[in-house]
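The values are calculated or read from the model by the stated rules, or taken from the named source; none is laboratory data. Here the structure is a predicted model, which means the values were calculated and not measured. Methodologically, a virtual Cβ is constructed for each residue, glycine included, from the backbone with ideal geometry; neighbour enumeration extends over all protein chains shown. Please note that ligands, DNA and RNA were not included when accessible areas were found on the heavy atoms of the full protein model with its side chains. Shrake-Rupley method; radii C 1.70, N 1.55, O 1.52, S 1.80 Å.
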Amino acid sequence: MDDRPIGVFDSGIGGLTVLKEIMEQLPGEDIVYFGDTARIPYGTRSKETVIKYFFQSVRFLLTKEIKAIVVACNTASALAMEEAQKVFDIPILGVIEPGAKAAVSATKNSVIGVIGTEGTINSQSYQRKIRKMSPSAEIIGIPCPLFVPIVEEGWENTDVAFITAKKYLLELKEHNIDSLVLGCTHYPALRYTINKVLGDKVTMVNPAYETAKAGKIMLKEKKLLSNRLDGGKCDYYVSDDPEKFKRIGGNILRREIASVQKVNIENL
Ligand code: DGL
């Protein structure tokens, strides 16, 4: 049993969708959340840059005596996690494997859609993991870069979101997908709009939920679960304006974020 906190990393605010699931599924755990808000988006950056930023973030989280790291950011999970696992001596769990696994169990016709940032989709990380588990699966990956700003603007249920989703998701519809991985931290917020475009026959897979579930299993296996069943607290750190994070983050988390500290991680 281990009462040290879990470190949760994201490129910004979207990772709060993963944090929310962890808080629900592991309510006794203390958490340290770091959002690299000064350097978001990661989704359009090169692998080298994402690795550099992610490693700096990991070094920061390690100063907080954490017992494991959950990488909420799909782009960092796709581009930098494997490298990090080679370098850092701490359990690191990303969103790709749990999301891919859930997609394989959800699909009946073996035609799976994956949406995410350009970095995530072009890395083929989801596609590779899914294909490993289900070699005959047809996988259609589509980058949807405009979804992130739409959600950050709070427009996820507007006409703008609907028209954008229709344009991005048309190809998935034509391929007759029956399951769709929401492969970016922000996309679960768009599930109602996506459902309006794709219809009820498409099962949406939320890697945020799946990762929290996988995190619980991982901590249990490694005997790292906390003794507490309730009352875990979360400390928030960001690399840019804490006020904006508090405001938008409170909406995503559906609870007040009382205090957020700004840190400088450039030199770590
Ligand atoms: N957190 C990122 C992800 O899940 C989305 C935002 C970004 O591009 O940094 O891929």
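About the Cα centre of the chain, what is the dipole size in debye to 20, counting +1 per Lys and Arg Cβ and -1 per Asp and Glu Cβ, all else neutral? Working shown, then result.
Working: 35 positive and 33 negative charges, 95 e Å.
Once rounded to the nearest 20, the dipole reads 460 debye.
For the stretch 42-193, what's the radius of gyration and Dmax over Cα atoms, in angstrom?
My reading of the Cα-based Rg and Dmax gives 16.0, 49 Å.
Multiply the residue separation of Lys262 and Lys64 by 0.36 nm, subtract the distance between their alpha-carbon atoms, and state the gained length in nm to one decimal. Before the final figure, lay out each step's value.
Working: separation 198, 0.36 × 198 = 71.28 nm, distance 1.44 nm.
Length difference between fully extended and current span is 69.8 nm.
Give, in whole angstrom and from largest to smallest, the semi-axes √(5λ) of the equivalent ellipsoid of the stretch 3-66, with λ running over the eigenvalues of the Cα gyration tensor.
Semi-axes, largest first: 23, 14, 7 Å.
Using modelled backbone amide H atoms (1.01 Å from N, in-plane), which distant-in-sequence or interchain residues come within less than 5 Å of Ser11's amide H?
Sorted by chain and number, the residues that satisfy this are Asp36, Cys73.
At a Förster distance of 35 Å, what's the computed FRET efficiency of Leu229 paired with His175, Cβ-Cβ distance as r, to 0.05? Kindly include the intermediate steps, with their values, before the conclusion.
Numbers: r = 44 Å, r/R0 = 1.27.
So, using R0 = 35 Å, E works out to roughly 0.20.
Using modelled backbone amide H atoms (1.01 Å from N, in-plane), which distant-in-sequence or interchain residues come within less than 5 Å of Ile257's amide H?
HN-HN under 5 Å from Ile257: Gly250.
Under a 5 Å amide H to amide H cut-off, with H placed in plane at 1.01 Å, what residues pair with Cys234 once short-range neighbours are removed?
Ile31
Could you give the length gained by full extension between Lys196 and Asp240, i.e. 0.36 nm per residue of separation minus their alpha carbon distance, to one decimal place?
On the way: separation 44, 0.36 × 44 = 15.84 nm, distance 3.50 nm.
Extending this stretch completely gives an extra 12.3 nm.
Can you give me the solvent accessible area of Ser11 with a 1.4 Å probe, rounded to the nearest 10 Å²?
About 10 Å², ignoring ligands and nucleic acids.
Give me a comma-separated list of calculated 3J(HN,Hα) values for the stretch 39-44, in order, Karplus coefficients 6.51, -1.76, 1.60 applied at θ = phi - 60°, integers in Hz, x for any Gly or Pro.
Result, ordered by residue: 10, 5, x, 8, x, 10 Hz.
Between Ile142 and Ala106, take the C-beta separation as r, use R0 = 30 Å, and let me know the FRET efficiency to the nearest 0.05. Display every interim value, and only then the final one.
Details: r = 18 Å, r/R0 = 0.59.
For Ile142 and Ala106, the calculated efficiency is 0.95.
With labels modelled as points extended 7 Å from the Cα through the Cβ direction, what inter-label distance (nm, one decimal) is found for Gln85 paired with Ser46?
Each label point is offset 7 Å from its Cα along the Cβ direction, giving 2.5 nm.
Rounded to the nearest 20 Debye, what is the dipole magnitude of the stretch 90-161 about its Cα centre when Lys and Arg each give +1 and Asp and Glu each give -1 at the C-beta?
On the way: 6 positive and 7 negative charges, 132 e Å.
The calculation lands at about 640 debye.
Could you work out the Kirkwood radius for the stretch 203-246, taking every pair of different alpha carbons, averaging 1/r and inverting it, reported in Å? Before the final figure, lay out the partial values.
On the way: mean 1/r = 0.0742 Å⁻¹.
About 13.5 Å, per the Kirkwood formula over Cα pairs.
So what is the 222 nm mean residue ellipticity for the chain from helices alone, if each DSSP H run of at least 4 adds -39500 (n - 2.57) and you divide by all residues, rounding to the nearest 500 deg cm²/dmol? It would help to have the intermediate numbers written out before the result.
On the way: 12 runs with 122 residues, N = 268.
Result for the chain: -13500 deg cm²/dmol, rounded to the nearest 500.
Return P(r) of the stretch 108-246 (all Cα-Cα pairs; 10 Å bins starting at 0; whole %; ordered from short to long distances).
P(r) over the stretch 108-246, rounded to whole percents: 10, 34, 31, 20, 5.
Would you tell me the accessible area of Lys101, worked out with a 1.4 angstrom probe on the heavy atoms of the protein chains, in Å² to the nearest 10?
Accessible area of Lys101: about 120 Å².
Once the whole set of protein chains is in place, how much accessible area is left on Thr63, using a 1.4 Å probe, in Å² to the nearest 10?
Result for Thr63: roughly 90 Å² accessible.
Provide the per-residue ³J(HN,Hα) series for the stretch 7-20, in order, calculated from phi with Karplus coefficients 6.51, -1.76, 1.60 and θ = phi - 60°, each as a whole number of Hz, with x at glycine and proline positions.
Residue by residue, the stretch 7-20 yields x, 10, 10, 8, 6, x, 9, x, x, 5, 5, 6, 4, 4 Hz.
Could you work out how much longer the chain between Lys216 and Lys167 gets when fully extended? Use 0.36 nm per residue separation minus the Cα distance between them, nm to one decimal.
Working: separation 49, 0.36 × 49 = 17.64 nm, distance 3.69 nm.
Going from the current span to full extension adds 13.9 nm.
Mind listing the Cα extents of the chain along all three principal axes, in Å, largest one first?
49, 38, 37
Taking every Cα atom in the stretch 29-71, find the radius of gyration and the maximum pairwise distance Dmax, and write them in Å.
Rg, Dmax (Cα atoms, Å): 11.3, 34.
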